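S.K.: Structure in structure tokens, see below.
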Ligand SMILES: Cc1cc2nc3c(=O)[nH]c(=O)nc-3n(C[C@H](O)[C@H](O)[C@H](O)COP(=O)(O)OP(=O)(O)OC[C@H]3O[C@@H](n4cnc5c(N)ncnc54)[C@H](O)[C@@H]3O)c2cc1C
């Protein structure tokens, strides 16, 4: 029996699983191949819908799919991986249990570095999001980081009725989007203004405590919720420390996404180069999905004694939502705004959701919650 071990229950593992399960149906049924998923979380978190969940537009259960349901032909182990031994091909997890592998996929993702921002939430883990949604009480929200995720989440919190301040160290929000799509970046700024989000640029958050945020200019912002979307670092995995990594801890991948013999990685855990530009691809779900799929194909080829194929996906674009009917999208370099962008983004997400039964409920849930709650303008003042 050959064993494929997938570390993490995110996009990379899910799509590697899909590619393997489609190609090795017979082998899996006959017990000649086993797929084991070891994940610190029991559900797959569809991060793309974080804003909709925060805004109360979608119930959280539509954005979180139990791993056993998403990967029915795999053995799912709920545990944290504590060590990988490349020499012995062994993974240690949980209370010291050990599994050997024939093929290993590292899809353990990344975490926001919240050094000095200890009380800030990141909404990355499924538990963080559930705790926020369940907490109920409203109050001022501070979002730290003015990238696309930060502006989208700031807009989502407005919908919860919260006064929101967005803190961004640069002079304009969404700098990465601005570099290629200045019109869309301007539109993001106008959307934040429309929603009443207070934007503080050119300052850093230097301390986060139970009652608020201290900024580098000495201002103190009251906050019930502080959210950090300040870049990310790959989750470190003991045993893989000697493999080549980039400056944010991502494993350096070969063109076939291998990081070591019979070990592959992608998504937020890895530096994957764009096949045409040679630049690292963006850390987002689309790239994790497509690279996960390629890894799955390459794992099957390796099990059949063949060499792997290169990662050839060229990309599609990016999108963000500012409430129902308000979106921006960059589709193959074409800037799109308003309803068209919003509908395109929802359609794309629904297409890639891990659970068909959840995906079909998304449009209805969005329509009914949009009818129930019209967006409201919130006025907010900047304390200090
Ligand atoms: C709030 C938020 C909103 C986002 N919105 C968007 C968006 O709108 N569009 C978009 O394209 N991208 C979005 N992203 C980015 C996108 O979610 C990531 O790029 C994508 O999740 C990366 O996939 P992954 O498989 O590498 O990692 P993840 O999906 O993060 O999965 C990592 C998995 O590894 C597990 N894990 C971690 N450490 C261990 C360990 N030691 N042992 C076992 N398991 C472990 C975790 O439990 C998790 O299951 C968002 C991210 C966040 C945080």
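The values are calculated or read from the model by the stated rules, or taken from the named source; none is laboratory data. Remember, it's a predicted structure, so these values are computed and weren't measured experimentally. Every residue, glycine as well, gets a Cβ built from its backbone with ideal geometry; the counts of neighbours run over all protein chains shown.
S.K.: Just a yes or no: is a residue in segment 227-250 more than 16 Å from the ligand (Cβ to nearest atom) and part of a helix (DSSP H, G or I)? Outline the logic, then answer.
M.R.: We begin by selecting, within segment 227-250, every residue more than 16 Å from the ligand (Cβ to nearest atom); these are 242, 244, 247.
Applying the additional criterion that residues be part of a helix (DSSP H, G or I) yields none.
No; the residues of segment 227-250 include none that is more than 16 Å from the ligand (Cβ to nearest atom) and part of a helix (DSSP H, G or I).
S.K.: Taking the condition of being over 19 Å from the mean Cα position of the chain (by Cα) and over 23 Å from residue 3 (Cα atoms), how many residues in segment 245-264 meet it?
M.R.: Adding up the residues that qualify gives 5.
S.K.: Hey, does segment 272-294 have a residue that's touching a strand residue (DSSP E or B) at 6+ places or on another chain (Cβ under 6 Å) and buried (at least 18 other Cβ atoms within 10 Å of the Cβ)?
M.R.: Looking for residues that are touching a strand residue (DSSP E or B) at 6+ places or on another chain (Cβ under 6 Å) and buried (at least 18 other Cβ atoms within 10 Å of the Cβ), one finds none in segment 272-294, hence no.
S.K.: Still on this model: In segment 70-91, what count of residues is obtained for those that are away from the ligand (no atom under 12 Å from the Cβ) and either under 30 Å from residue 366 (Cα atoms) or not in a loop (DSSP other than H, G, I, E, B) (or both)?
M.R.: So in segment 70-91, the residues away from the ligand (no atom under 12 Å from the Cβ) come out as 72-75, 85-90.
Adding the requirement that they be either under 30 Å from residue 366 (Cα atoms) or not in a loop (DSSP other than H, G, I, E, B) (or both) leaves 72, 75, 85, 90.
Counting residues in segment 70-91 that are away from the ligand (no atom under 12 Å from the Cβ) and either under 30 Å from residue 366 (Cα atoms) or not in a loop (DSSP other than H, G, I, E, B) (or both) gives 4.
S.K.: A further question on this structure: Among the helices (runs of 4 or more DSSP H) contained in segment 1-69, which hold 2 or more residues that are crowded, with 24+ Cβ neighbours inside 10 Å? Walk me through how you get there before you give the answer.
M.R.: Working: elements: 11-23, 25-29, 50-54, 60-63.
Filter on segment 1-69 gives 11-23, 50-54.
S.K.: In the set 84, 106, which member is surrounded by 24 or more Cβ atoms within 10 Å (Cβ to Cβ), closer than 24 Å to residue 248 by Cα and over 22 Å from the mean Cα position of the chain (by Cα)?
M.R.: Within the list 84, 106, the selection yields 84.
S.K.: Looking for whichever is surrounded by fewer than 15 Cβ atoms within 10 Å (Cβ to Cβ), at pLDDT below 95 and within 30 Å of residue 199 (Cβ to Cβ) here; the options are 351, 371, 356. Which one fits?
M.R.: It is 371.
S.K.: Answer yes if at least one residue in segment 265-272 is under 16 Å from residue 4 (Cα atoms) and assigned to a strand (DSSP E or B), and no otherwise.
M.R.: Taking every residue of segment 265-272 in turn, at least one turns out to be under 16 Å from residue 4 (Cα atoms) and assigned to a strand (DSSP E or B).
S.K.: Take residue 62 and tell me if it is within 10 Å of the ligand (Cβ to nearest atom) and under 30 Å from residue 356 (Cα atoms).
M.R.: For residue 62, the condition - within 10 Å of the ligand (Cβ to nearest atom) and under 30 Å from residue 356 (Cα atoms) - is not met.
S.K.: Related question: So residue 152 ticks every box in (1) at pLDDT below 95; (2) under 15 Å from the mean Cα position of the chain (by Cα) but one. Which box is left unticked?
M.R.: That leaves (1) as the condition not met.
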